[in-house]
Amino acid sequence: MNQDYLKHFQQAVDNVRGEGRYRVFQDIRRVRGEFPKAVWYKNEYSEKDIVVWCSNDYLGMGQNECVIEAVKSAVDTAGTGSGGTRNIAGTTHYHVQLEKELAELHGKDNALVFTSGYVANEATLGVMSRILPGLIIFSDEMNHASMISGIQRSRCQKHIFKHNDLANLETKLKAAPADKPKLIAFESVYSMDADIAPIQEICDLAEKYNAMTYIDEVHAVGMYGDRGGGVCEERGLMDRVDIVQGTLAKAFGMIGGYIAANDIITDAVRSMASGFIFTTSIPPSTAAGALRSVKILKISPEIRDQHKERASELKKRFRAAGFPFIDGDTHIVPLMISDPVKCKAISDQLIEEHDIYVQPINYPTVPRGTERLRFTPSPFHSDAMMDDLLAALHKIWDQFDLKREKVA
């Protein structure tokens with residue numbers, strides 16, 4: 001290989017390092033039955049027990065014994081991989097059952113399971129302009145990268161509206177040609193800022209200007225609503241949203257993504273979205289584990305209540321300590337550092353000296369100057385674990401001479 005090529009690759013990495021946002025992947029192994037505990041491998045000669053504070057396995061379902069048993073049973077029954085794409089031998093009975101369960105969860109006719117939430121967004125949004133010629137997409141400025149990628153792939157006209165700003169959205173809808181098809185794409189829970197979209201009001205605007213609605217509920221499915229159907233279920237709005245996109249990789253503790261919608265919509269996406277057509281399907285064991293997890297969470301509101309209590313408790317402690325965090329209405333607790341170098345250094349110190357793992361969140365995941373540590377307390381983070389966390393943060397806050405907010 002020409003060494004000049006490699007110099008460009010090295011310069012790209014050096015630029016990221018120079019900005020203080022070079023990403024280090026922590027080598028950990030979760031401990032079955034002891035969530036949120038894990039083992040951290042600092043190197044091949046060093047390992048230690050840690051507590052994970054940043055997992056998206058929000059309810060610890062990846063450690064649930066019933067889910068684990070469902071996965072093992074499916075492997076014993078059907079083997080490992082699915083054997084093909086959904087069109088060619090890769091639609092197993094587990095996939096069919098899972099899609100029926102997800103459709104019922106969201107009150108929709110049908111569902112489609114993809115290999116990830118990212119692919120579900122990219123493939124579905126990416127094919128919309130082929131299905132709806134002349135489509136205009138209205139996208140919240142804080143939408144996830146997968147939604148942005150899908151909208152870019154659609155190659156249709158798009159308008160980005162200010163985050164959760166109904167007036168700005170309506171201005172853009174009003175200015176669009178009345179005879180053009182329109183779609184509003186937004187999330188329910190925004191995972192980095194811990195806020196929730198004004199779903200009802202967005203649906204009102206969609207009806208007023210004859211637009212479809214597409215909601216990403218990945219950080220809400222399993223977590224909100226009486227049966228874990230997301231914020232739309234919690235607020236009684238499931239029938240007002242046209243396409244719901246979710247994930248199996250967070251509250252459900254597995255891997256994969258999906259959409260749920262009207263039969264005709266899902267059939268069109270199934271028939272035309274290359275990200276669905278040309279990808280090997282998730283393993284039957286994964287589908288079986290996800291199916292079991294969805295079924296469990298439908299009838300387990302108590303775990304959601306426990307989770308809300310734990311998130312509330314962590315916020316209360318942060319508030320009392322004067323730590324600057326985003327005090328939102330969700331289960332996510334972003335602790336603001338606002339400096340990429342300090343954010344990484346604090347994360348390193350927490351894991352190395354205090355056995356606490358929380359990953360630094362830097363640009364491009366969040367805007368420059370808003371770097372943070374994103375805490376996701378679970379039902380299994382005990383008071384003792386919170387005591388250890390707060391003691392470590394008090395020490396580090398003073399050491400780094402970080403500001404505290406006034407405590408009322």
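The values are calculated or read from the model by the stated rules, or taken from the named source; none is laboratory data. Quick caveat: nothing in here was measured; it's all calculated off a predicted structure. Please note: Cβ atoms are built from the backbone with ideal geometry, for glycine as well, and neighbour counts cover all protein chains shown. In case anyone asks, the SASA skips ligands and DNA or RNA and just uses the protein heavy atoms, side chains included. Shrake-Rupley method; radii C 1.70, N 1.55, O 1.52, S 1.80 Å.
Computed on the Cα trace of the chain, the radius of gyration divided by the Kirkwood hydrodynamic radius gives Rg/Rh = 0.97.
Between 302, 122, 187, the GNM of the chain built on Cα springs shorter than 10 angstrom shows 302 fluctuating the most. Taking all protein chains together and a 1.4 Å probe, the residues 142, 1 rank 1, 142 from largest to smallest accessible area. Calculate the tail of P(r) for the range 44-116: the fraction of all Cα-Cα distances greater than 21 Å, expressed in %. Considering the range 44-116, 50 percent of its Cα-Cα pairs are separated by more than 21 Å. What the Cα atoms of the range 45-169 give is an Rg and a Dmax of 19.6, 59 Å. Across the cross-link table entries 72/298; 48/72; 42/344, which are compared at the Cα atoms, the separations over 18 Å belong to 72/298; 48/72. Quick one: grab the alpha carbon gyration tensor of the range 157-277, order the square roots of its eigenvalues as a ≥ b ≥ c, and give me rounded if a/c is under 1.5, else prolate or oblate depending on whether a/b is larger than b/c. Judged from the Cα gyration tensor, the range 157-277 comes out oblate (a/c at least 1.5, b/c at or above a/b). Sorting 135, 166 on solvent-accessible area from highest to lowest, probe radius 1.4 Å, gives 166, 135. Around the Cα centre of the range 1-156, unit charges on the Cβ atoms of Lys, Arg, Asp and Glu (plus for the first two, minus for the last two) sum to a dipole of about 360 debye.
Solvent-accessible surface (1.4 Å probe) assigned to residue 380 amounts to roughly 90 Å². Approximating the spin labels as points 7 Å out from Cα along Cα→Cβ, the residue 180-to-residue 207 distance works out to 2.5 nm. Across the range 143-184, Cα-Cα distances exceeding 18 Å account for 32% of all pairs.
Highest average first, the peptides 77-90, 356-369 ordered by how many other beta carbon atoms sit within 10 Å of their residues are 356-369, 77-90. Quick one: among 197, 268, 123, which has the greatest mean-square fluctuation in a GNM of the chain with alpha-carbon springs under 10 angstrom? Among 197, 268, 123, the largest mean-square fluctuation in the Gaussian network model of the chain belongs to 268.
Accessible surface area normalised per residue over the chain is 46 Å², counting heavy atoms of protein chains with a 1.4 Å rolling probe.
Considering only 191, 347, 271, the mean-square fluctuation computed in a Gaussian network model of the chain, springs between alpha carbons under 10 angstrom, is largest for 271.
If you sort the three axes of the alpha carbon gyration tensor as a ≥ b ≥ c, you get a/c of 1.5 or more for the range 251-408 and a/b above b/c, which makes it prolate.
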